[in-house]
Amino acid sequence: MDKIPLNYEASEGDTHKRQTSTLPTEVVQCLENARFLHLATCTDNVPNVSLMNYTYLPSSPYSDSPVIIMTTNPASRKTTNIIANPNVSLLVHDWVSHRPPTQGRRMSGGSPTPETRSSLATLLLNLNTSAVSSISATIGGAARIAPIGSEEEKFYVAQHLENNTFEEGTPLFQPVSNTDSRENDQSGHFVAGEEVRVIVVDIRNVRISDWKGTVRDWELTTDAPLLNGGA
């Protein structure tokens, strides 16, 4: 008989799910700090996972509840899936995601090569890992495509562009003007343009997992008490 892990009950079900009208603080911090998330969609029992750039908004003129904004090509699989099945799952985390160098690691196209690191580099790596590794948040929600050409779509695109501006005011994905050539058109429509659709995810529930395997479940509801007794 297989041994049941200590956190079996928490991992298997939502017996201890709590209701709240606000997201837990650690989830908000995770959403504000992370740059990408994984979006899982499904239709006809065929799942699809995409790595997505996103924007978290605690509220907006179009929603009193927290939402997550993403953009996608209208012909993408995720767009087709969301139209057929609005139920989505998101995974966002602030854990260290790189693989640390290992002894004898085989690099692409090469033979195993022993890797050496200074004691300072090892110390910094360990400090970085302990400082950053915190939680993983699995978010369940209902996704929809913002009405094409609507003020809502324009608002969310503007917020998404502003949130994804890095290094001296240069957007990660710049809009392309009508005078730009097709050769330069590959990245411009990623956030803004006629060939982009805005995905709006209304958050319904969240599961927090920490590095120790502890799991906590929360359900967002408008008539629930504020988290931590906030006003």
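No value in this document is a laboratory result; all are computed from the given coordinates. Remember, predicted model here, so these are calculated numbers, not experimental data. All Cβ positions, glycine included, derive from the backbone under ideal geometry; neighbour counts span all protein chains shown.
Would any residue of the range 20-38 have its amide N under 14 Å from a label point 7 Å out along Cα→Cβ of ARG204? List them or say none. None, by backbone N distance to the label point. The stretch between GLU195 and THR165 holds 8.8 nm of extra length on full extension. This uses 0.36 nm per residue minus the Cα-Cα distance.
At R0 = 25 Å, how high is the FRET efficiency between TRP211 and ASN33 if r is their beta carbon distance? Nearest 0.05 is fine.
Details: r = 16 Å, r/R0 = 0.64.
Using R0 = 25 Å, I get an efficiency of 0.95.
By how many nm would the segment from ASN73 to ASP44 grow when fully extended, if each residue of separation counts as 0.36 nm and the alpha-carbon distance is taken off? Before the final figure, lay out each step's value.
Numbers: separation 29, 0.36 × 29 = 10.44 nm, distance 2.07 nm.
Full-extension gain reported as 8.4 nm.
Net charge of the neighbourhood of ASP202, taken over other residues with C-beta under 12 Å away and scored Lys/Arg +1, Asp/Glu -1, is +1.
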